[in-house]
Amino acid sequence: MSAVRLGAIGAGWWATSNHFPLFAARKDVELVGVCGRGPGLEDIRAQFGFDFATEDADELLAADIDAVVISTPHDLHHPLAAQALDRGLHVLCEKPMTLRADQAWDLADRAERAGTVFLVPYGWNYKPFTVAAKQMLDGGRIGQIQYVLCHMASPTRGLFGSDPTHMLARWNSDTAPNPTTWSSPEHGGGYAHGQVTHSSALLFWLTGLRAATVAGRVSNAGAAVDLFDAGVVRFDNGALGTLSGAATLADGDRYQVDIRLFGTEGVLMIDAERERVSLSRYDGQREDIPIAPEEGDYECLVPPARFIDLITGASQENNSDAAVAARSVELIDALLRSSAAEGRETPVH
């Protein structure tokens, strides 16, 4: 097909430091319009080569585009993505896809009806070692999953506490993260929506599980939003699990993403920090997946590229579609509701 005509809603820190440079470098993408706010919008338009800039999302969505990238504050994802899907557009929507379970499944339904590509850019879902781990699971190497451990920790104290200095240095960005996105409870700030979304979406893509109930607690530790999250989860297949997250690794420490899956035939351990995928079967078989140094570090280069490849037909593999993203949203939504109810076991769906 001809070049994908792309529009963008949201022109802040993550869009300008990650998405826009990737799309601008592709010959099969035409950057049509960018929607954002602030006096620097025209500079962003010129820097990346968009045809026009606007502060009106309706104008952007009404333009002659094939696809849209939504990188706004979390609470705006649902209405904007819904409008885009109803117009028949392909959508790359930042994580978390929405803040509420009903909104997430609404987008999943709209995406299915539209028949267009919907991708949420979870970087770890596209790593070679996680793809290899999924192949093991799809091949039945550990049997039926009975117990799950899903843990994530990251050096994001400043991000959720309104001091983005470390994030600016890490991503070589000139644009600061918007505090209303990350550290404001009214707009869905906090570690669960901001980071546990990664580990839980990886878990659901790898396993195909869906959470049924959760008993959760969160702690703000003096911040305006949650910095620590913990939950005991029951899954639809009867498996038990634990979900945990912590925002307070020291700046410069490697991100921790640790998923351990215990099944009827063996155990699979996936560890991004120590860079290992290790299978131990009860029949004595052992297998370790070789992982290149630093492959476990987080980056989000593949998902935007995969979005375009899915549209053009160059790829058929969407590792973070609307259903995967919705399972993450519904679990985090229920965990936060459970914590507000003093840890009461809460239905997820």
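The values are calculated or read from the model by the stated rules, or taken from the named source; none is laboratory data. Being a predicted model, the structure only gives us computed values, none of them experimental. Here the Cβ positions follow ideal geometry from the backbone for every residue, glycine too, while neighbour counts run over all protein chains shown.
Figures for the structure shown
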quantity: Single unsatisfied condition, Val34 versus (1) surrounded by fewer than 24 Cβ atoms within 10 Å (Cβ to Cβ); (2) among the β-branched types (Val, Ile, Thr); (3) in contact with a Gly (Cβ under 9 Å, 6 or more places away or on another chain); calculated: (1)
quantity: Positions within the range 246-268 being of a type in the set (A, V, I, L, M, F, W, C), over 20 Å from Gly123 (Cβ atoms) and surrounded by 18 or more Cβ atoms within 10 Å (Cβ to Cβ), in sequence order; calculated: Leu261, Phe262, Leu268
quantity: First in the range 124-138 and at positive phi, second anywhere and surrounded by 15 or more Cβ atoms within 10 Å (Cβ to Cβ) and modelled with pLDDT under 95, Cβ under 7 Å, 6 or more apart; calculated: none
quantity: So Thr242, is it out of contact with any Leu (no Cβ under 6 Å at 6 or more places or on another chain) and either free of Cβ contacts under 8 Å to residues at least 40 places away in the same chain or of a type in the set (S, T, N, Q) (or both); calculated: no
quantity: Long-range neighbours under 7 Å by Cβ, at least six apart or interchain, first residue within 19 Å of His90 (Cβ to Cβ) within the range 45-68, second hydroxyl-bearing (Ser, Thr, Tyr); calculated: Leu60/Thr54
quantity: Hey, Ala292 at pLDDT below 95 and either surrounded by 15 or more Cβ atoms within 10 Å (Cβ to Cβ) or not in a loop (DSSP other than H, G, I, E, B) (or both) or not; calculated: no
quantity: Residue match in the range 107-116 (condition: out of contact with any Leu (no Cβ under 6 Å at 6 or more places or on another chain) and outside any helix (DSSP H, G or I)); calculated: yes
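Here is a yes/no grid of residues against (1) in the same structural domain as Asp102 (by TED's automatic domain parsing); (2) polar (S, T, N, Q); (3) assigned to a helix (DSSP H, G or I):
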{"residue": "Asp309", "(1), (2), (3)": "no, no, yes"}
{"residue": "Ser315", "(1), (2), (3)": "no, yes, no"}
{"residue": "Ala325", "(1), (2), (3)": "no, no, yes"}
{"residue": "Ser328", "(1), (2), (3)": "no, yes, yes"}
{"residue": "Leu331", "(1), (2), (3)": "no, no, yes"}
{"residue": "Leu335", "(1), (2), (3)": "no, no, yes"}
{"residue": "Ser338", "(1), (2), (3)": "no, yes, yes"}
